[in-house]
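A.B. asks: Have a look at this one.
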């Protein structure tokens with residue numbers, strides 16, 4: 001999975017989680033039905049698990065590249081509650097991982 005895909009999915013899931021949180025607050029104050037609240041809560045859980053999965057994928061990718069400083073920085077930022085900043089730093093850090101194969105020109 002590319003760095004760009006990991007970052008986009010993480011940020012999109014975080015935005016969905018935040019919007020769901022706002023909807024849950026509004027629904028709680030409006031005393032709406034419990035089915036709607038349960039659905040919004042399920043969306044929050046799904047988006048939270050997506051952010052967790054993408055964060056772990058980013059850490060695995062950094063570990064395989066042996067990028068120790070980036071690995072530790074993203075890990076610490078996430079544990080301090082600054083995960084979105086850590087993933088933004090991950091998106092801006094260094095070039096994309098190079099392919100593991102070489103393409104040779106064809107002989108005609």
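Bear in mind that the values in this text are calculations on the coordinates, not laboratory data. The structure displayed is predicted, hence computed values, not measured ones. For neighbour counting, all protein chains shown are included, and Cβ atoms are generated from backbone atoms with ideal geometry for every residue, glycine included.
A.B. asks: Provide the packing ranking of 5-14, 63-72, i.e. peptides ordered by the mean count of other C-beta atoms within 10 Å per residue, highest first.
C.D. replies: Those peptides, ordered most packed to least, come out 5-14, 63-72.
A.B. asks: By how many degrees, 0 to 90 and rounded to 10, does the Cα axis of helix 68-79 deviate from the longest principal axis of the chain?
C.D. replies: It is inclined by approximately 0 degrees.
A.B. asks: Next question, about the same structure. Taking the 0 to 90 degree range and rounding to the nearest ten, how far is the long axis of helix 34-65 tilted relative to the main principal axis of the chain, both from C-alpha atoms?
C.D. replies: 20 degrees
A.B. asks: Tell me what the chain gives for mean residue ellipticity at 222 nm when only DSSP H runs of n ≥ 4 count, each as -39,500 (n - 2.57), the sum divided by the residue total, rounded to 500 deg cm²/dmol.
C.D. replies: Calculated at 222 nm, the ellipticity per residue is -26000 deg cm²/dmol.
A.B. asks: Going by how many other beta carbons lie within 10 Å of each one, how would you line up 47, 34, fewest first?
C.D. replies: Lowest to highest Cβ neighbour count: 34, 47.
A.B. asks: Turning to a different aspect of this structure: Given axes a ≥ b ≥ c from the Cα gyration tensor, I'd like to know whether the chain is rounded (a/c under 1.5), prolate (a/b larger than b/c) or oblate.
C.D. replies: Prolate, since a/c reaches 1.5 and a/b exceeds b/c.
A.B. asks: Further, regarding this structure: Going by how many other beta carbons lie within 10 Å of each one, how would you line up 2, 93, fewest first?
C.D. replies: In increasing order of surrounding Cβ atoms, one gets 2, 93.
A.B. asks: If I build a Gaussian network model for the chain, linking alpha-carbon pairs within less than 10 angstrom, which residue out of 43, 26, 16 has the largest mean-square fluctuation?
C.D. replies: Of 43, 26, 16, the Gaussian network model singles out 26 as fluctuating most.
A.B. asks: Compute the long axis of helix 83-92 from its Cα atoms, compare it with the longest principal axis of the Cα atoms of the chain, and write down the angle in degrees, 0 to 90, nearest 10.
C.D. replies: Helix 83-92 sits roughly 30 degrees off the main axis of the chain.
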